[in-house]
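Novice: Next up is a structure, given as C-alpha cells.
The values are calculated or read from the model by the stated rules, or taken from the named source; none is laboratory data. Worth saying up front: this structure is predicted, and the values here are computed from it rather than measured. Neighbour counts run over all protein chains shown; Cβ positions are idealised from the backbone, glycine included.
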Amino acid sequence: MPEGSKMKKPDVKVVILGDMNVGKTSLLHRYTERKFKDTISTVGGAFYLKQWGPYNISIWDTAGREQFHGLGSMYCRGAAAVILTYDVTNWQSLAELEERFLSLTDTANHDCIYAIVGNKADLTDPKAQLPQDSDRVSEDRAECEEETGSQVLSTCPTPPASPASLSGVMVHKQVGHEDAMALYGRILRYKGLEENGSLPAEKMCFETSAKTGYNVDILFETLFDLVLPSILRKRNENQQSPTVDLEDCRGGNNKRGKTACC
Amino acid sequence: MESENQPRGEAEGVKIHDPPSESSIPAADTLATSLSLLGNHMFPEHANPVEINDNTIVNKEAPAESVLSDAPAGEQSLDAEPQVNQVKELETEESGIFECQNSMYTQPAGGVTEEADMSNGQDDSGEFVVTMLARGKLEEQGVGVKGRSSPLLETGTLEAPAFLSHRDEDVTAESWRQHRKHVFVLSEAGKPIYSRYGSEEALSSTMGVMMALVSFVQSGDNIIRSVYSEEHTVVFLQKGPLVLVCVSSSRQSEQQLRGELLYVYYQIISMLTQASIARIFEHKKNYDLRRLLAGSEKILDGLLNLVDSDPSFLLAAVHCLPLASSLRDSLSQILQKAITPNLVFSILIAKNQLLTIVQEKTVIEDARLEPADVHLLLNLIGASSAFQAGEIWTPICLPLFNPDCYFYAYISYLDPPECTVCLLLLSTDKEAFYAVAECKRRIEEAMVAQNSLSLIAKAQSYSVSQVGVSDLRHFMYKPFDVPDNYRQLTQFTSPEMEAPYSSEEEKMRLLDLYRYMHSRIHSTSRPLKLIYHVAERETLLAWVTSKFELYTCFSPLVTKACAITAITKLLRWIKKEEDRLFIRYPPKYSTTPNPSKSSRGGKSDQQDSTDNGFLSLL
Ligand SMILES: Nc1nc2c(ncn2[C@@H]2O[C@H](COP(=O)(O)OP(=O)(O)OP(=O)(O)O)[C@@H](O)[C@H]2O)c(=O)[nH]1
Ligand SMILES: [Mg+2]
C-alpha cells in the first residue's frame, strides 16, 4: 500500500534551513532513503512524513535560494525543531545562517530545539569518510567507492590547504566546530534563552556527511528523541485514539522504531 | 523586397536591411568589429574578421524567411490531375474551408515550386487562400540537391546524460562551439545571467560583446533581431531588462528560435515574476540576477532539452495521454470533489502528459490556461523530480496567465516509488499547503476506491499502426478553434515515434523535418497552407486549415495520391477517436460555494507584500 488511504496526521514539525547547496536535501535523502545521489536545487519546500515509532514527524526540506526566502517563515510556523545547516568548506554558508535564516525561526514554537549542522565533513575530515554504521558499510561502500573507498588512507596526510575537492582529496575546512558552537550560543541569546537551561552546544552542533552517512542518523535520531516531549504534550491535547498508534507502530520503521518506543 | 531580405548565402557583407536612421552608416565599422569579435569566439572557423563580414548578414528586422528556404533546387512541378478527386474529398470532409484560387509561384533558381501561397499583396492576384489544393498541386522538394549541407539531413547532437553538468565545460574548446544550440541570457548592463553550456563567468566577455551589439543597434533606434553566418543563426530577443540570445546551427527558422527564447524568458518569469525583475533592475541596473536564479540553471537546462526534443513547444499545444473518456471523466470528477478555498487549478499528469485539468469556475470565465504555462509547469515537475517521495510546495508564476503574480503549486506523486502519476494543485493562497495536501489525500482515497491508478498505468500513447494506413509513419495533429475546443487548452495528438524513428538521432531528424515544415507553413513572408515535401528517407505533408494544423510523415515511396487518401483516413480516424485523444470538456468547480463570504476577502487579508502578493483575480 503506497501512502494508503489513511490520513497520517503529523505530530510534530522539523524544519531544515540553510543556504543553497549546503546539502539539506542530501542529508534528508541519506537519512530516509539510505542513499547519496545527485540532487536538483530544491524549489520552494518539500514536505516529508517520517514515521518514528508510533509518531509521525513532518520534515520540511526548504530551498536555500534567496528566491524563496519569502516562504521561510511559513515553513517554520509551529516548528518543534530547526536544523540550521551549513557547509564546513564554506564560511559564508555559516554567516548566512545568522544573517538570513535565523529570523525565519521567529514563527517556530517557543520551546523549539535548534541544531547546527556542518555538512560535507567528508571533504575535510578523514574520519567522516568512513561510513558510520557497521551494518550499512557494504551499501555505502558500493556507492561511494570511487570517491572515497580506496583513497581514505592514502590521502589523509594531504595538507588541508589543498583546494582540490573532486577526487576525495581533503579540502580546507573553513568553519570549525567551535565557530558553530559560538553561533549556537548567539542563537540562544537571540531567542532570549538561558544557556544553562538549554541543551548544551556540544550536544546540538553536528558535523555530518550526507555523502558517507557520517553522523546523519545520529543527528536526526537525537532530534527526534528531543522532540518527543513536545509530541506527547500535543498528543495529550489532541487525545489521539490508540488504534492509530497501533497501526502506525506496525507500519513503522522497525529498527529505529524500537529505540524510540520507550 | 523578398529577395532583399532573404539571405541567399552569397557574400553580402554586414548588411543592415532597415536603416531608417543615418547612424547605421558610420557605425557599420563598429558593428563589423563587434561581429568579428563575437565570431572569433563563437565561430573560429571564420576567425578572420574579413571573412566573417563576407558571410554574415545582420538582420535588424524580421527576415522574410529563414535561411532554410533558400534552396529551390530540386523542387519539382507535379502532375496533379489524378489528385483532384481525393482533394475534393478532403475538402468535403472539412466542409468547405477553402476558397480556392490558383497561383503558381515560380522560383528563379531553376525548378518549379508549387505551393499554397497565402501572402497577400505580393502578386496582384493575391486573393488566394489555398491554391494548391484546388488543383491538387503540391509543392515537392528534393532536399538532397541543396547547395549546402541540408539541415534536414543533419542529425541532432546528442545531449550528454542529464547528470553531467555543462557548467564546467571549457568554453574555449572546440566541443563547446560544436553545440547545436547555445542560449545566453544577459542583463541590459551586459551582466551574464545564464548560459546553456559553460559557466557564465567564463563567458562574460562573449556576453559583453553581444550586449555591445544589441546596444549599438539600439543607439540607432533599431532593434537587432538576428545575424546570419554560414553555419549559424544568431537570434536576439529583448524582454524588459533581459536580453536573450540564441546561437544555433540547427537550421531552424528565426521565428522558431525566437519562440524558444521566449520560453526561456517565460521560465525565468515563472520563477521571479516580471514585476520583480523590472523592480530589481530599476533599483540597480547592474544587479547580478544570478543571485536569485542560482540553482535554477537545471530548470532552464531541462527546458531547453525539452524544447529540442518535444514538439509541444513547436506547436504551442499540450499533449495529453489518450484515455477512455469514461476514465478521464471519472478522474476529473475526483479532482472536482477534492477542493478547498483558493484552489484554482487541479492537474493530473502521467508519464509527463496531461490526464486532466480541472479549473475553478471564476478563473475559467475570463482566462484559460495557456499551453506555454502548462509546459512550464511540466518542466518544473520534471526538474524537481530528483527526490520524489515528498510533497512540494512552491511559488510559481504562470507568465501567460499573469506575469506579475504567484500561484502556489502543490506537487506530489500518487504512485511512489514508481512516480509516474503526478498531482499538481495550484492555489492562490501561500498558507494553504495543509488544506491543499488534504485535498491530495482525498484524491488519493478516491483513486484507491476506484482503482484509478492501475487503470492509468495501462494507459499509454498509441501506435500509428492503429490508424490503419500502411504508409503513414507518424503525424502531429493540432485542432483549433472548433466549437468544442473553444476557450479550451490548445492540444495536439501524436502517436509514439516508432521505427525507423526509434533512436534518438532519428527522432531528432524527424523533429527537424517537422520544424522545417513548420517554418515554411508559418513563414512570415510567404506562409503556406500545404506542403508536400519529398525528402530522402521519407515524404512529408503539412497542411494547415482554419480547423487544424497537420504534419504527416510517410514512407518515401508513397505517391501523392496515396498520401492524400491516407490523410483522409487519418482525419476520419482522429474524429472517431477524439474523445480518447483529447481532453474534451474540461470540468469546472467552484471553490467559493458561498459567494458572500468568498475567498475574496480572505485572500486580500493574506496578501503578503514580501513576494508580490497573490492573484487579485478572483
Ligand atoms: N562531498 C559532499 N557533497 C555533498 C554532501 N551533501 C551534499 N553534497 C553535494 O552538494 C550539492 C548540493 O546538495 P543539496 O542537497 O541539493 O543541497 P541543498 O542544501 O538541498 O540545496 P538547495 O535545495 O538549493 O537549498 C550536491 O551536489 C550534493 O551532491 C556531502 O555530505 N558531501
Ligand atoms: Mg535542497
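Novice: I need every pair where a residue in the range B:430-453 that is at the interface with chain A (Cβ under 8 Å from one of its Cβ atoms) has its Cβ under 8 Å from the Cβ of a residue that is part of a loop (DSSP other than H, G, I, E, B) and among the aromatic types (Phe, Trp, Tyr), sequence separation at least 6 or different chains.
Specialist: B:Lys430/B:Tyr406; B:Lys430/B:Phe614
Novice: Tell me which residues, restricted to the range B:241-273, are within 14 Å of the chain's Cα centre (by Cα) and not in a helix (DSSP H, G or I).
Specialist: B:Gln252, B:Ser253, listed by residue number.
Novice: Related question: Residues being in a helix (DSSP H, G or I) and either in contact with a Leu (Cβ under 9 Å, 6 or more places away or on another chain) or not polar (S, T, N, Q) (or both): count how many of those fall in the range A:83-127. Can you show your working first?
Specialist: First pass over the range A:83-127, keeping only residues in a helix (DSSP H, G or I): A:91-107, A:121-123, A:126-127.
Subset that is either in contact with a Leu (Cβ under 9 Å, 6 or more places away or on another chain) or not polar (S, T, N, Q) (or both): A:91, A:94-102, A:104-106, A:121-123, A:126-127.
Here the count works out to 18.
Novice: Can you find even one residue in the range A:190-209 that is within 14 Å of another protein chain (Cβ to nearest Cβ), under 17 Å from the mean Cα position of the chain (by Cα) and within 16 Å of ligand 2 (Cβ to nearest atom)?
Specialist: no
Novice: Okay, moving on. Keeping to the range B:274-294, report how many residues are surrounded by 21 or more Cβ atoms within 10 Å (Cβ to Cβ) and farther than 20 Å from B:Phe407 by Cα.
Specialist: Total meeting the criteria: 1.
Novice: Same structure, new question: Quick one: count up the residues across the range B:490-514 that are among the small types (Gly, Ala, Ser) and closer than 21 Å to B:Lys478 by Cβ.
Specialist: 1
Novice: Output the number of residues of the range A:40-62 satisfying the condition of being among the polar types (S, T, N, Q), within 8 Å of chain B (Cβ to nearest Cβ) and over 16 Å from the mean Cα position of the chain (by Cα).
Specialist: 1
Novice: On to the next question. Say whether the condition of being within 12 Å of another protein chain (Cβ to nearest Cβ), in a strand (DSSP E or B) and β-branched (Val, Ile, Thr) is met by at least one residue in the range B:409-428.
Specialist: Checked against the condition, which is being within 12 Å of another protein chain (Cβ to nearest Cβ), in a strand (DSSP E or B) and β-branched (Val, Ile, Thr), the range B:409-428 yields at least one hit.
Novice: What is the one condition in (1) modelled with pLDDT under 95; (2) within 10 Å of ligand 1 (Cβ to nearest atom) that A:Thr89 does not satisfy?
Specialist: Against the list (1) modelled with pLDDT under 95; (2) within 10 Å of ligand 1 (Cβ to nearest atom), A:Thr89 comes up short only on (1).
Novice: I need the full set of residues from the range B:192-211 which are touching a helix residue (DSSP H, G or I) at 6+ places or on another chain (Cβ under 8 Å) and assigned to a loop (DSSP other than H, G, I, E, B), in order please.
Specialist: B:Arg196, B:Tyr197, B:Gly198, B:Glu200
Novice: Could you identify the single residue in B:Ser332, B:Ser346, B:Ser276, B:Ser326 that is within 14 Å of chain A (Cβ to nearest Cβ) and outside any loop (DSSP other than H, G, I, E, B)?
Specialist: B:Ser276
Novice: Any residue at all in the range B:369-383 that's of a type in the set (S, T, N, Q), at pLDDT below 90 and either within 30 Å of B:Lys478 (Cβ to Cβ) or assigned to a strand (DSSP E or B) (or both)?
Specialist: Among the residues of the range B:369-383, not one is of a type in the set (S, T, N, Q), at pLDDT below 90 and either within 30 Å of B:Lys478 (Cβ to Cβ) or assigned to a strand (DSSP E or B) (or both), which makes the answer no.
Novice: Just need a number here: residues in the range B:556-579 that are in contact with a strand residue (DSSP E or B) (Cβ under 9 Å, 6 or more places away or on another chain), surrounded by 15 or more Cβ atoms within 10 Å (Cβ to Cβ) and farther than 25 Å from B:Ser326 by Cα.
Specialist: Matching residues across the range B:556-579 total 7.
Novice: Also: Counting only residues that are at the interface with chain A (Cβ under 10 Å from one of its Cβ atoms) and among the hydrophobic types (A, V, I, L, M, F, W, C), how many does the range B:290-317 have?
Specialist: Residues in the range B:290-317 being at the interface with chain A (Cβ under 10 Å from one of its Cβ atoms) and among the hydrophobic types (A, V, I, L, M, F, W, C): 4 in total.
Novice: Moving to a separate point now. Consider only pairs whose beta carbons are under 7 Å apart and that are at least six residues apart or on different chains; among these, list those whose first residue lies in the range B:291-302 and is charged (D, E, K, R) and whose second residue is not in a loop (DSSP other than H, G, I, E, B).
Specialist: Within 7 Å, the pairs are B:Arg291/A:Glu66; B:Glu297/B:Tyr194; B:Lys298/B:Ala383.
Novice: Would you pick out the residues in the range B:257-273 that are out of contact with any Ser or Thr (no Cβ under 6 Å at 6 or more places or on another chain) and more than 14 Å from chain A (Cβ to nearest Cβ)? Give the derivation first.
Specialist: Of all residues in the range B:257-273, those out of contact with any Ser or Thr (no Cβ under 6 Å at 6 or more places or on another chain) come to B:258-270, B:272-273.
Answer for the range B:257-273, where residues must be out of contact with any Ser or Thr (no Cβ under 6 Å at 6 or more places or on another chain) and more than 14 Å from chain A (Cβ to nearest Cβ): B:Arg258, B:Gly259, B:Glu260, B:Leu261, B:Leu262, B:Tyr263, B:Val264, B:Tyr265, B:Tyr266.
Condition check ((1) surrounded by fewer than 24 Cβ atoms within 10 Å (Cβ to Cβ); (2) within 16 Å of ligand 2 (Cβ to nearest atom)) across all residues:
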position	(1), (2)
A:Gly23	no, yes
A:Arg30	no, yes
A:Gly53	yes, no
A:Glu66	yes, yes
A:Ala80	no, no
A:Tyr86	no, yes
A:Ile113	yes, no
